[in-house]
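The values are calculated or read from the model by the stated rules, or taken from the named source; none is laboratory data. Everything numeric here is computed off the predicted structure, so don't read it as measured data. A quick note on method: Cβ atoms are made from the backbone with ideal geometry, for glycine too, and the neighbour counts reach across all protein chains shown.
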């Protein structure tokens, strides 16, 4: 308890020596954890979620059942060591082996973060119009910015730049040896649509284009001119909210 503010603060974890000094009974430990979570929930009810830190919110979400003090400590360390971007892509096995979460807690942890990721994605029940590079980036960023491998997506656009389809074409390494203009433009040809936006991610986190990215884009612009299908943009997605528009960089007509 913060004696100045009267609010509970984390971490409130006792080290091993202090635990022994205060007693290691399961009943006492369970009471301390239950009391801690109760106080966090009380703060949420009184002040809302905006006043709670990431670790406090995750503690409330994960500690809905029997939870010991060590489990809370592991969760706290996990959030302290990694950004939310890194946590979203953390594998189940890593949560279990490196941080010692139980099967149930690891599953809860992943489910919460995946739900948060999906809630940031645009709803496909609404038609989405691409007017600026940011519109295209926002449409694919939630899915692509956390990936640990490369993917290429194609947004197929109608005559008013509304998105008709959002398709994943490649998964793995995206380079000129595997990308074919005919495959990239085929979804637009089949739907009789006049434009596409190509997007791919850089797992390194930096959206800066490579020389091969520039060469692929040049080939796609030329192919689009032959097919009379406009390459509206080629977006490179980095981590977080970082992206680069190659249309703005290369200035093709």
Residue 155 passes all but one of the listed conditions (1) buried (at least 18 other Cβ atoms within 10 Å of the Cβ); (2) modelled with pLDDT of 90 or more; (3) in a helix (DSSP H, G or I); the exception is number (3)
Can you pull out every residue in the stretch 124-165 that is outside the structural domain of residue 200 (by TED's automatic domain parsing) and within 28 Å of residue 91 (Cβ to Cβ)? 124
Out of the residues in the stretch 138-149 meeting the condition of being assigned to a loop (DSSP other than H, G, I, E, B) and touching a helix residue (DSSP H, G or I) at 6+ places or on another chain (Cβ under 9 Å), tell me which one is nearest to residue 240 (Cα to Cα). 145
Give all pairs with beta carbons closer than 8 Å in which a residue from the stretch 73-100 that is farther than 17 Å from residue 111 by Cβ meets a residue that is modelled with pLDDT of 75 or more and assigned to a helix (DSSP H, G or I); count only pairs at least 6 apart in sequence or on separate chains. 76/55; 76/59; 80/55; 100/74
